[in-house]
Structure formats: C-alpha cells, structure tokens
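Encoded as structure tokens, the structure appears first; notes follow it.
The values are calculated or read from the model by the stated rules, or taken from the named source; none is laboratory data. What you are looking at is a predicted structure, and each value in this text was computed from that prediction instead of being measured. Here the Cβ positions follow ideal geometry from the backbone for every residue, glycine too, while neighbour counts run over all protein chains shown. Note: accessible area is taken over every heavy atom of the protein model, side chains too, but ligands, DNA and RNA are not part of it. Shrake-Rupley method; radii C 1.70, N 1.55, O 1.52, S 1.80 Å.
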Amino acid sequence: MIDLLKYPMTLPPYGQLWLLLPLLAAVAVVYKTVRAEDVRRIWLESLLLFAYMLGGLVVLGAILWAVISFWP
Amino acid sequence: MFKTLLAAALAWLIPGAGHVFIGSRVKGAIIFVVIAATFWSGILMGGVMTVDRQAEPMWFVAEMLTGGHGLTAWRWQQSVMKKIDKDIGPVTSAQQYRDLRDEQLARRGLALVSPVEVIARAYSGVAGMLNLLCIFDVVMLVMMRTRQKVVRR
C-alpha cells in the first residue's frame with residue numbers, strides 16, 4: 001500500500017481529461033456542503049453544481065477548440 | 001475569540017473537524033472524506049514527491065492547507081529526501097544539487113513528470129484550497145453565532 005502511494009503512476013496518454021470529473025465532483029460536494037442549509041439537499045445541489053461546472057467547461061473547451069482550429 | 005481560533009485550527013488540522021466542533025457532524029464527515037480522498041488521490045497519482053517545497057512552492061502552500069494530510073505527506077517526502085541527500089553528498093552549487101537530486105529521483109523511479117505531475121498536484125492542491133473554504137466557513141459561523149449571542153443579551 002505504501003509503495004503504491006510512494007511511486008508516481010503512469011497515466012495513459014489518452015483519456016486524462018476524465019480525471020477532471022472526480023475533481024469537479026469534489027469541488028461541487030465541498031462547496032455545496034459548506035453552503036447548504038439543509039443537509040439532505042447537499043447531494044442534489046452538488047449534482048446540479050457538478051453538471052453546471054461540467055457544462056461550462058465543455059462550452060469553454062468548445063470555444064477554445066474553435067478558436068484554435070478556425071482562427072486565421 | 002478563543003473559540004474562533006480553536007475552530008479554525010481544528011478545521012485546518014483535520015479537515016471537517018471545525019464543522020464537527022460547531023455541531024455540524026454530517027457536514028464535517030462529508031468534508032473530511034471528500035478532502036482526504038481528493039488529497040490522497042493526488043499522492044496516489046504523483047507519489048511521494050507530489051508535496052515538494054523546493055520544486056513547487058506555490059502548490060506546496062496549497063497542499064499545506066489540508067493540515068494533517070499535508071503535514072503527513074510532507075514529513076514522508078522529507079524522510080525520502082534525507083536518504084537522497086545522503087547519497088548526493090557535498091555539493092558546490094545549488095544548480096549542481098538540483099541536477100544530482102533530479103538524477104537520484106529518476107534513478108529511484110520517484111521523479112514526477114508532466115502530465116502526471118500537473119494532475120497530481122492539482123488534486124492535492126485543490127484539496128487544500130477546498131479546506132481553506134471550509135476554514136473560512138467555520139470561522140464565519142462561529143463569529144456569527146457569537147455575535148447573535150451578544151445581540152440577544
């Protein structure tokens with residue numbers, strides 16, 4: 001277990017963007033935990049924030065991709 | 001004032017403990033699990049050199065905001081670096097030390113290279129910044145409650 005934590009992992013060259021999802025989920029859950037007044041609503045609100053952030057990043061990524069691809 | 005400082009210190013040292021201290025046990029538990037999982041996922045990806053004060057001082061500051069998690073990882077990194085420094089021996093310049101250090105890290109399979117370096121530090125650093133948010137929240141809640149008590153009196 002300690003060795004697993006000691007040495008860096010080799011990540012596959014493709015699909016590294018998927019690692020953004022757990023990070024987004026962590027940000028959404030902690031932010032909503034801090035903000036939520038009703039504890040029972042944390043998960044639903046976190047899910048909505050997660051979708052909102054993911055959507056925003058996808059749009060941002062699409063815009064940047066379009067700028068890089070089509071900018072003269 | 002003492003209660004505010006104690007809550008902030010607890011929230012820093014053990015993420016989530018500040019919320020437990022002020023009575024929000026569920027929130028504290030969620031914060032503890034999520035921040036611990038995020039921080040140690042970063043260490044799992046980047047290894048012991050993810051927390052590195054010399055190589056990445058800004059990320060180091062963010063990582064230290066996780067309190068006990070960051071300190072544990074830093075202490076571990078320091079113990080590994082002590083062994084490496086022993087093998088390096090005396091050096092004449094900072095540049096020579098850096099070169100020999102990188103060489104030793106690569107030889108031991110501990111060297112962090114991009115993109116793993118960036119992803120690992122983003123995970124552990126973001127965990128620290130999330131804990132900063134929780135520390136602020138705890139401090140604000142304690143201060144507001146103290147103020148409400150004073151107003152009621």
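Interface A/B, total buried accessible area with a 1.4 Å probe, nearest 100 Å²?
Buried surface at the A/B interface: approximately 2400 Å².
Here's the list of lysines a cross-link from residue B:82 could span, going by alpha-carbon distance under 27 Å and ignoring same-chain residues fewer than 8 apart: A:6. Using a probe radius of 1.4 angstrom, the carbon and sulfur fraction of the accessible surface of the protein assembly as shown is 69%. Comparing A:52, A:14, A:31 in a Gaussian network model of chain A (Cα springs below 10 Å), the most mobile by mean-square fluctuation is A:14. Averaging the Cα positions of each part gives two centres, and for the range B:88-153 and the range B:1-68 these lie 9 Å apart. A simple packing score, the average count of other Cβ atoms within 10 Å per residue, orders the peptides B:122-131, B:74-83 as B:122-131, B:74-83, with the highest score first. Extension gain, residue B:91-residue B:75: 0.36 nm per intervening residue step, less the Cα-Cα distance, totals 3.4 nm.
Assuming 0.36 nm per residue, please report the length gained on full extension of the stretch residue B:136 to residue B:114 beyond their Cα-Cα distance.
The residue B:136-residue B:114 span can extend by a further 4.7 nm.
Charge dipole (Cα centre; +1 on Lys/Arg Cβ, -1 on Asp/Glu Cβ; no other charges) of the protein assembly as shown amounts to roughly 1100 debye. At a Förster distance of 30 Å, what's the computed FRET efficiency of residue B:54 paired with residue A:69, Cβ-Cβ distance as r, to 0.05? The pair residue B:54/residue A:69 has a calculated efficiency of 0.15. Coupling constants for the range B:130-139 follow from the phi torsions by the Karplus curve (6.51 cos²θ - 1.76 cosθ + 1.60, θ = phi - 60°), and in residue order they are 5, 5, 4, 4, 5, 4, 4, 4, 4, 4 Hz; glycine and proline get x. Excluding ligands, DNA and RNA, the accessible surface per residue across the protein assembly as shown is 62 Å² with a 1.4 Å probe.
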